[in-house]
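One structure is given below, encoded as structure tokens.
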Amino acid sequence: MHGVINDSLVYRSEPVNCFASHFDLYLVLFAPLYIFGETYTLLIVQIVSVLLGSLGIYKLIGLYSDNKYISLCAAVTFLCYFGIYHALAYDYHSNVVASMLLPWFFYAFKKRRYGCSTFVMLMFVIAKENLSLLMAFICLGLLFDYKKDKKAVSVLLLYFVFSVFYFYIVTAVVMPALNDSENMRGFVRFKRWGNSFSEIIVSFLMHPQNIYTVLFNGQQKQEFWMCFLFSGGIFLFLKPNYLFMLIPVIAAKMLTDYSAMWGIFLHYNVEFAPIVIIAGFVVISKIKNEQYLLGIGLLEVVCTIFTLIYTTRFSHNWHNRKNTQIFSVKHYEQPRFDVNEAYLYMKKIPEDASVCASDIFVPHLCLRKNIYTYHDKKVYDTEWMLLLEPQKEVDLLLDKYNVENQSDELWLLKKK
């Protein structure tokens, strides 16, 4: 938003081109929203995208069933899906916004509006490098539904070729060229199984028993599958071409050594939501008896809501429970420091000054050109520091900084 390539120094000690970490073009498109001057603008973009995604679900299921209550059940189930809820509770990520385009892609393609579906497809793949591979599998999966329509098959094959080509160019050419491999977060997470996609595939063909280990070994993975099945995943056994679409998402989630991705929290389950919900209600819509139709639709809503409640209150795996429990008073409390005082400290920092701050304050100061996270930045030379740290930690900085304001462990420091 400042007209320069992001070097990721806000959260890294050494400069790394942001596109070498994730090839995310949405952040370029959204950069002009900087004019609103609010640090939470991207969160609003994300929430609005989810609401539009639910509208897409409603309209798409309306093409399969004349019963408007079924379309409404589908939209409610979508909004209550644990993968969406925990993504919103965690952070902004462009794959959340992009995933909300999938119902509209299915809708446009179902209506044979290929110009619209092409636009939505392009907007989807540019959000993050891995989404182009997901789109390739979605197109292959849809071939089964449209196999009798020659034009639709031709368009899907064209989308498939483009998606695979885009995925290869970005991951194999562009991202490695932007930075050395040591600074790339993507593929390094999967190196336990091989040093390339082909090596990983060969590894599992030679040792198929490892597939069980990858998919089911560990409490976090088993818990995910339980929540996945209860939130509509069970319908994928009746719509296996939609299960096929999810292969790259499941692989990226389970093959990694990063255990936080295995479970039910953060933003790593949002891509499941549109595909699982669409598949489930396409299957439900085929029921002829109106009472059974509505009954199973409502049952799916109830199961999804109970699964969501389980993930926010009863899961024993780690997550920020306070962030997800929006109906609890504790969600709106900050016991570590006086929030009003922290805002007063922020107002004292000039808008054009460089700042190093504790991670809890960085999002509130992030619109300035030079902003760094304390501890991630190793050399402390900024004009101001806003810290939530004990006295002994701050004492190490006082040879370079004066204390402007202080309250318990809340500190505002200015460079001498």
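The values are calculated or read from the model by the stated rules, or taken from the named source; none is laboratory data. Everything quoted here is computed from the prediction, not taken from an experiment. Neighbour counts run over all protein chains shown; Cβ positions are idealised from the backbone, glycine included. Heads up: the accessible areas ignore ligands, DNA and RNA and are worked out on the full protein's heavy atoms, side chains in. Shrake-Rupley method; radii C 1.70, N 1.55, O 1.52, S 1.80 Å.
Quick notes
- Close pairs (6 angstrom Cβ cut-off, 6 or more residues apart or separate chains): without any contact (Cβ under 8 Å) to a residue 24 or more places away in the chain in region 353-377, assigned to a loop (DSSP other than H, G, I, E, B) and open to solvent by less than 30 Å² (accessible area, probe 1.4 Å) anywhere: Asn370/Ser354; Tyr374/Ser358
- Identity of the residue in region 113-130, free of Cβ contacts under 8 Å to residues at least 40 places away in the same chain and under 15 Å from Leu29 (Cβ atoms), that ends up least open to solvent (accessible area, probe 1.4 Å): Phe124
- Near pairs, Cβ below 6 angstrom, 6+ apart or cross-chain, from region 98-112 (under 12 Å from Ile61 (Cα atoms) and touching a residue at least 24 places away in the same chain (Cβ under 8 Å)) to any residue that is in a helix (DSSP H, G or I) and open to solvent by 30 Å² or more (accessible area, probe 1.4 Å): Tyr107/Lys59
- When region 263-292 is filtered for residues that are under 14 Å from the mean Cα position of the chain (by Cα), closer than 17 Å to Asn95 by Cα, surrounded by 19 or more Cβ atoms within 10 Å (Cβ to Cβ) and not acidic (Asp, Glu), the ones remaining, listed by number, are Ile264, Phe265, His267, Tyr268, Asn269, Val270, Phe272, Ala273, Pro274.
- Residues of region 214-249 that are more than 25 Å from the chain's Cα centre (by Cα) and part of a helix (DSSP H, G or I): Phe237 alone.
- Verdict on Leu43 being in contact (Cβ under 8 Å) with a residue 40 or more places away in the chain, assigned to a helix (DSSP H, G or I) and open to solvent by 60 Å² or more (accessible area, probe 1.4 Å): yes
- Test: residue in region 78-91 that is outside any helix (DSSP H, G or I) and at pLDDT 90 or above: yes
- Annotation for region 237-247: at least one member residue is surrounded by fewer than 21 Cβ atoms within 10 Å (Cβ to Cβ), of a type in the set (Val, Ile, Thr) and closer than 30 Å to Leu55 by Cα.
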